[in-house]
Every structure is written in C-alpha cells, then in structure tokens.
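First the structure, in the form of structure tokens, and then the observations on it.
The values are calculated or read from the model by the stated rules, or taken from the named source; none is laboratory data. Everything numeric in this text was worked out from a predicted model, so none of it was measured. Note that each Cβ is placed from the backbone with ideal geometry, even for glycine, and that neighbours are counted across all protein chains shown.
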Amino acid sequence: MVNLIKSKELSEQIVAQISQEISNYDTPPGLTVIIVGENPASKVYVNKKKKTAEKAGFNSEVIELPESVSQQELEDYIDRLNNDPAVDGILVQLPLPGHINAYDIIEKIRPEKDVDGFHPVNVGRLVIGLEPYAVSCTPFGIIRLLEENKIPIEGKHAVIAGRSNIVGKPLASLLLNRNATVTVCHSKTKNIEEICKQADILVAAVGKAKFIKADRVKPGATVIDVGINRTKDGKLVGDVDFDEVCKKAGYITPVPGGVGPMTIAMLLSNTLKLFKIHNK
Ligand code: GUN
C-alpha cells in the first residue's frame with residue numbers, strides 16, 4: 001500500500017508555530033513581494049503568499065508593477081527595500097518579462113533580505129555546505145517533508161527530473177549535503193527512463209503533466225511531485241501520473257496538497273529567520 005505524503009497538517013503546524021513566535025515581538029517581520037506584469041499563475045501564488053503571511057502576523061506588502069517597468073525602475077524599488085529597516089524579506093516573483101535581466105535583479109537584493117535564497121551568495125553557501133541566509137522554499141519544503149515522514153536520505157539514490165535554479169539545482173545540493181547520491185536529469189538526458197527507475201527518491205520538477213509514468217518508477221520508491229499543471233478542463237495535475245504511479249510507489253505526494261503548501265510555510269520560516277538576524 002502506498003503512503004500519501006500530505007502536507008496540510010504539517011504546513012499548518014509550521015505556520016502556527018511561526019505565528020506564535022511572532023506574537024512575542026513588538027514589531028512584526030516584514031515581507032515584501034514584487035510582482036511584474038499580469039501572469040495569472042504568478043498572481044495566484046503571490047496572493048496566497050500575502051494572505052498566509054498576514055494571517056500568521058507578518059507585515060506583508062505586495063508591489064504590483066506593470067509589464068513595461070524598466071530594469072532601472074525595478075532595481076530602484078529593490079534598493080529602497082534593501083534600505084528599509086521594516087522589510088526583512090524581499091521576494092521578486094519569477095518569471096520576469098523578457099526585457100528584464102532576472103539575474104541582475106536577484107543579485108541586487110541584499111543576501112540578508114533574499115528570502116528566496118536565490119542570490120549567488122546564498123546559492124554558493126548552500127553548494128559548499130555553509131548555512132545560507134535562506135534556502136529556496138520549494139526544495140527546503142521537500143526536505144522537511146522527507147524528514148518528517150522519516151524517509152532516509154543518506155546513501156540513497158535521489159533522481160531529480162528538472163534542473164531549474166528554483167527547484168532542481170538547490171534540491172540537488174540539499175540532498176548531496178545530506179549524503180544522498182544525486183542524479184539530475186533534464187531535457188537532453190539520454191535514457192531518462194532507466195535513470196528514473198534507479199531512484200529511491202524520485203523528484204519530478206519538469207512542468208509537464210504526467211511526465212513520470214509508472215514504468216519509470218522503482219517499486220517502493222518515494223515519489224515527490226513538484227509540478228502544478230492545469231489541464232484543459234481546469235483540473236490541477238502534477239508532473240507524475242498519480243493514479244498509475246501510486247500503485248507502484250512506497251510514498252507519493254499528491255497534487256494539490258503535497259509540495260505546494262510547504263513552499264509557503266518555508267517562505268514564512270525564511271522571513272522569520274531573516275527578521276531574527278536583523279534584530280540580533
Ligand atoms: N516562481 C515560481 N516559484 C517561485 C519561487 O519560489 N520564488 C519566486 N520568487 N518566484 C517563483
């Protein structure tokens with residue numbers, strides 16, 4: 001029988017703990033999210049982040065900028081937030097419009113306010129095994145889910161399908177730092193089926209609906225689904241063919257209700273951590 005790795009209870013528990021901790025302070029931690037343009041999925045994510053942050057007692061602000069905003073204007077906003085003592089965490093929702101250099105934007109955020117853990121200083125610290133100010137929220141949430149469900153990492157073969165800077169690469173470092181043997185697959189990988197089939201822990205983060213079929217899964221494997229894809233009839237499905245794979249996997253995350261809620265819980269956890277660093 002497959003074990004479902006659900007995150008509702010755990011994420012609510014983490015947020016409740018954070019909220020409790022915040023109530024001990026005179027001023028709330030501040031989280032500012034910048035969103036550029038009209039990407040509907042980004043708007044949904046940003047609204048959810050703001051709502052959950054406010055409910056937990058954070059001071060949460062969303063700056064909505066038009067698609068036409070210039071690189072300089074966006075960098076000026078970040079400068080202001082970098083220098084605002086009420087702002088502990090800055091998050092620029094990705095993707096950004098094509099005329100914006102996202103790498104320069106990320107580098108403009110002070111590493112101590114980079115709540116996403118995307119700044120090269122934070123990524124670099126993660127890669128060499130030092131503690132970053134913050135770790136990318138989705139991979140960090142995946143590690144929490146594995147740990148809470150007592151799924152061993154050390155010595156296991158973890159296969160990650162997807163090499164994004166947001167999920168695949170930081171997750172590879174987090175798993176490697178915990179002594180997993182890590183393989184990262186991508187669109188140019190040969191024999192991806194064979195590699196996935198070797199995984200004790202298989203993470204799907206490619207953004208393609210039902211990309212992982214049952215024949216790519218080792219019996220008893222732990223399958224983590226990062227995908228959020230909307231089908232033509234409006235249904236949310238992951239990157240894993242859930243109905244088939246759950247007959248073969250040992251553990252599996254559902255979509256929705258698996259990785260997603262943990263991402264927001266980790267965002268709030270990162271914000272609180274940065275707040276504490278700023279108030280030391
Ligand atoms: N777009 C998709 N996921 C993320 C995330 O974790 N952080 C930011 N800033 N943008 C995203």
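Numerical summary
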{"quantity": "Among the residues listed as D241, D215, the single one being touching a Lys or Arg at 6+ places or on another chain (Cβ under 6 Å) and either charged (D, E, K, R) or surrounded by fewer than 23 Cβ atoms within 10 Å (Cβ to Cβ) (or both)", "calculated": "D241"}
{"quantity": "Tally, over the range 55-79, of residues that are away from the ligand (no atom under 15 Å from the Cβ), within 24 Å of I18 (Cα to Cα) and among the small types (G, A, S)", "calculated": "2"}
{"quantity": "Residue within the range 39-60 that is of a type in the set (D, E) and in contact (Cβ under 8 Å) with a residue 24 or more places away in the chain present", "calculated": "no"}
{"quantity": "Of all residues in the range 21-45 being away from the ligand (no atom under 16 Å from the Cβ) and within 22 Å of the chain's Cα centre (by Cα), the one that is nearest to Q93 (Cα to Cα)", "calculated": "G30"}
{"quantity": "Per-region count, the range 121-169, residues without any contact (Cβ under 8 Å) to a residue 60 or more places away in the chain and either outside any helix (DSSP H, G or I) or within 15 Å of the ligand (Cβ to nearest atom) (or both)", "calculated": "26"}
{"quantity": "Test result for G260, within 16 Å of the ligand (Cβ to nearest atom), at pLDDT 95 or above and of a type in the set (G, A, S)", "calculated": "yes"}
{"quantity": "Residues of the range 80-107 classified as of a type in the set (G, A, S), more than 15 Å from I63 (Cβ to Cβ) and within 14 Å of the ligand (Cβ to nearest atom), total", "calculated": "1"}
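This table checks each residue for (1) closer than 22 Å to S42 by Cβ; (2) of a type in the set (V, I, T); (3) free of Cβ contacts under 8 Å to residues at least 40 places away in the same chain.
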position	(1), (2), (3)
Y77	yes, no, no
P85	no, no, no
I90	yes, yes, no
L96	yes, no, no
H99	yes, no, yes
Y103	yes, no, yes
K108	yes, no, yes
V115	yes, yes, no
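One line per residue, one yes/no per condition, for (1) modelled with pLDDT of 95 or more; (2) closer than 27 Å to K150 by Cβ; (3) assigned to a helix (DSSP H, G or I):
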residue: M1; (1), (2), (3): no, yes, no
residue: L10; (1), (2), (3): yes, yes, yes
residue: V15; (1), (2), (3): yes, yes, yes
residue: E21; (1), (2), (3): yes, yes, yes
residue: T27; (1), (2), (3): yes, no, no
residue: T32; (1), (2), (3): yes, no, no
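Conditions (1) over 19 Å from A158 (Cα atoms); (2) under 22 Å from the mean Cα position of the chain (by Cα), marked per residue:
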residue	(1), (2)
K213	no, no
P219	no, no
V223	no, yes
T253	no, yes
P256	yes, yes
V259	no, yes
I264	yes, yes
L267	yes, yes
